[in-house]
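The values are calculated or read from the model by the stated rules, or taken from the named source; none is laboratory data. Just so you know, these numbers come straight off a predicted model, no measurement behind them. Note that we place each Cβ from the backbone using ideal geometry, even for glycine, and neighbour counts take in every protein chain shown.
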Amino acid sequence: MATKFTAKPDELSKIDYKPPKKGWLDTPAEFKEHTFCWGAKAKNLNIVEFPNARDWSPAEEDWKLPENWQEIVLEGIKDRLGKYRSFKLFMDICVRCGACADKCHFFIGGGDPKNMPVLRAELLRSIYRKYFTASGKMLGKIAGARELTLDVLKEIWYYYYQCTECRRCSVFCPYGIDQAEITMVGRELMNLLGLNTDWISAPVANCYMKGNHLGLEPHTIINSMEFFLDDIETITGIKIKPTFNRKGAEILFVTPSGDLFADPGTYTAMGYLMLFHELGLDYTWSTYASEGGNFGLFTSNEMAKRLNAKIYAEAKRLGVKWIIGGECGHMWRVVNQYMDTWNGPADFLEEPVSPITGTIFENAKSTKMVHIAEFTADLIKNGKLKLDPGRNNHLKVTWHDSCNTARGMGILDEPRYVLRNVCNHFHEMPEDTIREKTFCCGSGTGLNASENMDLRMRGGFPRANAVKYVRNNYGVNMLANICAIDRATLKASMEYWVPDVSVCGLHELVGNALVMTGEKERTQDLRLEPLPEKEAKE
Amino acid sequence: MKIYNGGKILLGLIIFGALFASPFYLNMGKVSAKPELKIDTPEIQKLEDKKCVEPKEFMRAEHMQILNSWRDAVVRNGDREQIIISGHKYEKSLQNGCMKCHSNKKDFCDKCHNYMAVKPYCWDCHIAPKEKKS
Amino acid sequence: MSILFSFFAVIALVVAAYAGVKIANLQFLFGVIIPYIAIALFILGFIYRVLKWGSSPVPFRIPTTCGQQKSLPWLKQNKIENPSSTAGVIIRMALEVLLFRSLFRNLKTQLRDGKLVYGEAKWLWLAGLAFHWSFLIIFVRHFRLFLQNTPSFIKTIEGLDSFLQVGVPLLYMTDVVLLGTVTYLFLRRVFIPQVKYMSLAADYFPLFLILGITASGVLMRYFYKVHIVGVKELAMGLVSLNPVIPQGIGVIFYIHLFLISILLAYFPLSKLMHMGGVFLSPTRNMANNSRMVRHINPWNYPVHVHTYEEYENDFRKKMKKAGIPVEKE
């Protein structure tokens, strides 16, 4: 069935927001092409010992479910109602005021009413009412309750893989109802039946066995790093020698593996390498804990914990004092809100202190993990970096707050401070599209596959629209962020919606601006493209 | 059933219960007396036909409306036509009409008004008649 | 269909109360027995629901952060929208509960010529806030019927509510506001297509019920007056557990009371529990301090992980070849 996604931007941006005549309770989901991901493969589910491992396809009628699938789902709901107050409360107290409706990027970009966060939640609530509340049992449809049929199960699957857990709805909800929490539970339920996607389950299996989503084996990590080091040498004349799995280093550095694999993430990785080298930081990379991201989070709480466990375990094995984390969105939601609870206490580590500035990172005194934007902002504030922002003069930059770091952490001004110090042209997007009201890239939570481009481009529309605004008004040509998924997905989204805007990580710009000891006069930026003023001189 | 964050939840529920159940415990052991009006002033005693301008039930519900319409009639339209019932003339006036018979404000007006916590603005302007000791 | 169902359900309730009192003379049932049952269901049901929520733990610290986190001392933290202390959380919750802070953020997203624009959308916030505050003030005002000596603060509220001195009995502003906002909340459910699409009978029913309660109250105060002293006698009888049925109160009072009884009994079964739920919402009532203080998950259990040892066993040869240090040679 795999036809190519060919819809043009002006076709896609004609959006019909009018809901259908027929009520949602009786309208089964229509599986539209290019809006869903392929099913998980048996081998990947087997690696992490997940139930009902078999090859399956969402497009086929038969999902190869176990006989008692209904019982499994209902048991699963019951179990989670007892485990998560958030889930139980959010099933109960929604008044359907609709404030969340036009806040979801998938609804804004697609117009499907079941992508209004409230209705996406209602898909599951209707089941909750039917089987767990007195009024639903008695009144049935009048109370918005319905049977868990195969169609309903498919509908929940379809729409719960059309939510990126970005929490924008939760910002506007008068009760703080967070669809991300409900989607997480919904996806856990799907995983009880083996209904994961290939694009999530394969990275999970990779990460579990090989330490990172991309399945880079230890020697491959070193090989790809060699390319960056060669490029850095070409640009600066400096040969950097990072260490791997080195015991006794002061700091362990963990970043998403996407940074090691594909541009523009790779340029960000070069930025890290240059910064740490210039500081003479006593740090090490790890090939075992070679993934900051966590596709387990898009699978189940337990799976996320299993993958995350490697970071503390490796920090303990190597005997480091504390950890720096690279630029990644959901990784930082995990670090901020889950890691210490799951796998702490990290009492074998020390409270993080910057060896360069002596700053104590008090806000990380329990997790012992510092965000690299915090680390770098502190360096700049204390005047420890020599920077030449003019080297980024060819870039007119705007800042994309990633959903997880904005709404699950609140790291907003650290990267902006760094940005203002490493480049001269920085323009904010409209205020309703940044900071806590920022839009998702449209492809988070493991939706960044290639078979669901219609969904991704629609989901990316609101973000792209705001970028287009600053491009038209200020000539912005670079969209900077601190998220590996953003760097991968916004690239595609920009190519589609705003073709002349590129995407970069914060530390790529730092790497460009950083004046290193003993470097030769630079003529190229980290992308090996000529620096504009140097070009003019020649 | 184990309650998590039990302290805070319990505190919240105690506040909830204390507010919503307050009428029950605030009235505990208190005798609630309903207002008994006195209509035995000397002036009323003197009347042969003890009738007000309207029947009792109507007066109970609508006296404020009557006063209001009298005020409008007298003050705004200068219409001071008296009301005659069984040959007795009643002035369209709070002080010279109503209070002439019901001279016992404390035992008449105030009884219900206090019971119902109603504060009519009559007495913002009018001066209540001196109570005669009966 | 859900609109009609809810509408006729409320009409049926009105008719039931009317027939019950006017025809069948069931004053004691509608004036005493049903109110007692309703109050008991409300208070016990409410407590039960909250305790049910309480019986589920909050395993993770998941506040929705709506501002700058606490990090480096020279960066200004948004201490309310991204609180790291209890004081911040209390202020955040107070703003949420008293002023509907989150709803105040509401935006209207519109697509114009292929461009998205975000406009102000404060009507829902304004109507919602006015509705809830009016309801609260009216509720508090009613305490004059339940207390022998009405406390002065209730008299003050009553005085403020009627300070425009329109008509007799004085018009309460909250009565007008409540009628207006309930109507608005109903109309937006009907006229905004998306909101209509998501609305259930459970959304219309409380609106009609509250409209019925307000309308009967307004009629009783301003138009078809009842024997108000008798009403207080009945109310005082209820709360002093000495129920009496005074004569000649008027049937509209019994309709009012019956609808309120239904609202009370329905409350714990419904979305109206958001009144208690808003206080328990983990995305709002927690500090964002989980990197500073370890949050404990009571059901945290050990999980199966792929250990470093297993990893090294898988890749030892390749690691050694690439010059990566290993534990076992």
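Which residues, counting only those in segment C:43-68, are in a loop (DSSP other than H, G, I, E, B) and out of contact with any helix residue (DSSP H, G or I) (no Cβ under 7 Å at 6 or more places or on another chain)?
C:55, C:63
So which residues in segment A:216-255 are among the β-branched types (Val, Ile, Thr) and under 17 Å from residue C:316 (Cβ atoms), if there are any at all?
Of everything in segment A:216-255, those that are among the β-branched types (Val, Ile, Thr) and under 17 Å from residue C:316 (Cβ atoms) turn out to be A:220, A:221, A:222.
Going by the conditions given, is residue B:16 crowded, with 16+ Cβ neighbours inside 10 Å, without any contact (Cβ under 8 Å) to a residue 24 or more places away in the chain, more than 27 Å from the chain's Cα centre (by Cα) and at the interface with chain C (Cβ under 9 Å from one of its Cβ atoms)?
The answer is yes for residue B:16.
Can you list residue pairs whose Cβ atoms sit under 7 Å apart, with the first residue in segment A:239-252 being of a type in the set (A, V, I, L, M, F, W, C) and the second being outside any strand (DSSP E or B) and surrounded by fewer than 17 Cβ atoms within 10 Å (Cβ to Cβ)? Count only pairs 6 or more apart in sequence or on different chains.
Correct list of pairs: A:249/A:243; A:249/A:282; A:251/A:282.
In segment B:12-36, what count of residues is obtained for those that are within 15 Å of residue C:43 (Cα to Cα) and not in a loop (DSSP other than H, G, I, E, B)?
Number of matching residues: 13.
Grab the helices (runs of 4 or more DSSP H) fully contained in segment A:1-117, keeping just those with 2 or more residues being under 30 Å from residue C:304 (Cα atoms).
A:42-47, A:69-83, A:85-92
Would it be correct to say that residue A:344 is at pLDDT below 95 and assigned by TED's automatic domain parsing to the domain that holds residue A:490?
So residue A:344 passes the test.
Identify the single condition in (1) touching a helix residue (DSSP H, G or I) at 6+ places or on another chain (Cβ under 8 Å); (2) on the phi > 0 side of the Ramachandran plot that residue A:280 does not satisfy, given that it satisfies every other one.
(1)
Filter segment C:187-210 down to the residues that are away from chain A (no Cβ under 11 Å) and crowded, with 20+ Cβ neighbours inside 10 Å, then identify the one that is nearest to the chain's Cα centre (by Cα).
So the residue we want is C:210.
If I filter segment A:484-523 down to residues being closer than 24 Å to residue A:330 by Cβ and in a strand (DSSP E or B), which single residue comes out as farthest from the chain's Cα centre (by Cα)?
Step by step, filter segment A:484-523, then rank; the result is A:502.
Looking only at residues that are assigned to a loop (DSSP other than H, G, I, E, B) and hydroxyl-bearing (Ser, Thr, Tyr) in segment A:410-452, which one is farthest from the other protein chains (Cβ to nearest Cβ)?
A:450
Condition first: within 30 Å of residue A:460 (Cβ to Cβ) and in contact with a Gly (Cβ under 8 Å, 6 or more places away or on another chain). Now tell me which residues in segment A:361-400 satisfy that.
A:369, A:371, A:372, A:396
Would a scan of segment C:142-159 turn up a residue that is more than 14 Å from chain B (Cβ to nearest Cβ) and surrounded by 15 or more Cβ atoms within 10 Å (Cβ to Cβ)?
no
Would you confirm, using the coordinates I've provided, whether residue C:79 is more than 22 Å from residue C:274 (Cβ to Cβ), in a loop (DSSP other than H, G, I, E, B) and under 26 Å from the mean Cα position of the chain (by Cα)?
yes
Only helices (runs of 4 or more DSSP H) wholly contained in segment A:143-215 count here; list those with 3 or more residues that are more than 12 Å from every other protein chain (Cβ to nearest Cβ).
Counting at least 3 such residues, we get A:150-160, A:179-192, A:198-210.
Filtering segment A:309-335 down to residues that are among the hydrophobic types (A, V, I, L, M, F, W, C) and in contact with a Phe, Trp or Tyr (Cβ under 9 Å, 6 or more places away or on another chain), which residue is nearest to the other protein chains (Cβ to nearest Cβ)?
In this case the residue turns out to be A:309.
Restricting the search to segment C:65-113, which residues are facing another protein chain (nearest Cβ under 7 Å) and of a type in the set (A, V, I, L, M, F, W, C)?
C:66, C:72, C:74, C:75, C:100, C:103, C:107, C:111, listed by residue number.
Given the criterion over 30 Å from residue A:49 (Cα atoms) and among the acidic types (Asp, Glu), identify the matching residue among A:302, A:362, A:314, A:291.
After ruling out the rest, the residue left standing is A:362.
Out of all the residues in segment A:212-244, which are farther than 26 Å from residue A:513 by Cβ and in contact with an Asp or Glu (Cβ under 8 Å, 6 or more places away or on another chain)?
Selection gives A:212, A:213.
Do you know which residues across segment A:340-358 are in contact with a helix residue (DSSP H, G or I) (Cβ under 8 Å, 6 or more places away or on another chain), farther than 10 Å from residue C:294 by Cβ and among the hydrophobic types (A, V, I, L, M, F, W, C)?
Of everything in segment A:340-358, those that are in contact with a helix residue (DSSP H, G or I) (Cβ under 8 Å, 6 or more places away or on another chain), farther than 10 Å from residue C:294 by Cβ and among the hydrophobic types (A, V, I, L, M, F, W, C) turn out to be A:342, A:348, A:349, A:356.
How many residues, within segment A:365-381, are under 27 Å from the mean Cα position of the chain (by Cα) and surrounded by fewer than 24 Cβ atoms within 10 Å (Cβ to Cβ)?
Count: 4.
Output the number of the condition that residue C:138 fails; it satisfies all remaining conditions of (1) within 10 Å of another protein chain (Cβ to nearest Cβ); (2) outside any strand (DSSP E or B).
If we test residue C:138 against (1) within 10 Å of another protein chain (Cβ to nearest Cβ); (2) outside any strand (DSSP E or B), just (1) comes out false.
Yes/no matrix, rows are residues, columns are (1) more than 7 Å from chain A (Cβ to nearest Cβ); (2) in a loop (DSSP other than H, G, I, E, B):
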{"site": "C:261", "(1), (2)": "yes, no"}
{"site": "C:274", "(1), (2)": "no, no"}
{"site": "C:277", "(1), (2)": "no, no"}
{"site": "C:289", "(1), (2)": "yes, yes"}
{"site": "C:293", "(1), (2)": "no, yes"}
{"site": "C:304", "(1), (2)": "no, yes"}
{"site": "C:310", "(1), (2)": "yes, no"}
{"site": "C:313", "(1), (2)": "yes, no"}
{"site": "C:320", "(1), (2)": "yes, no"}
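Could we say that residue A:96 is on the phi < 0 side of the Ramachandran plot, free of Cβ contacts under 8 Å to residues at least 40 places away in the same chain and facing chain C (nearest Cβ under 7 Å) here?
So residue A:96 fails the test.
Does residue A:470 satisfy the criteria of being part of a helix (DSSP H, G or I), crowded, with 17+ Cβ neighbours inside 10 Å and touching a Gly at 6+ places or on another chain (Cβ under 7 Å)?
no
Which residue is surrounded by the fewest Cβ atoms within 10 Å (Cβ to Cβ), if the candidates are limited to segment C:28-43 and must be free of Cβ contacts under 8 Å to residues at least 24 places away in the same chain and either in contact with a Phe, Trp or Tyr (Cβ under 8 Å, 6 or more places away or on another chain) or of a type outside the set (Gly, Ala, Ser) (or both)?
Going through the qualifying residues, I end up with C:33.
Does any residue of segment A:369-389 turn out to be facing chain C (nearest Cβ under 9 Å) and hydroxyl-bearing (Ser, Thr, Tyr)?
Taking every residue of segment A:369-389 in turn, none turns out to be facing chain C (nearest Cβ under 9 Å) and hydroxyl-bearing (Ser, Thr, Tyr).
Does residue A:331 satisfy the condition of being buried (at least 24 other Cβ atoms within 10 Å of the Cβ), in contact with a Pro (Cβ under 8 Å, 6 or more places away or on another chain) and in a helix (DSSP H, G or I)?
Answer is yes for this residue.
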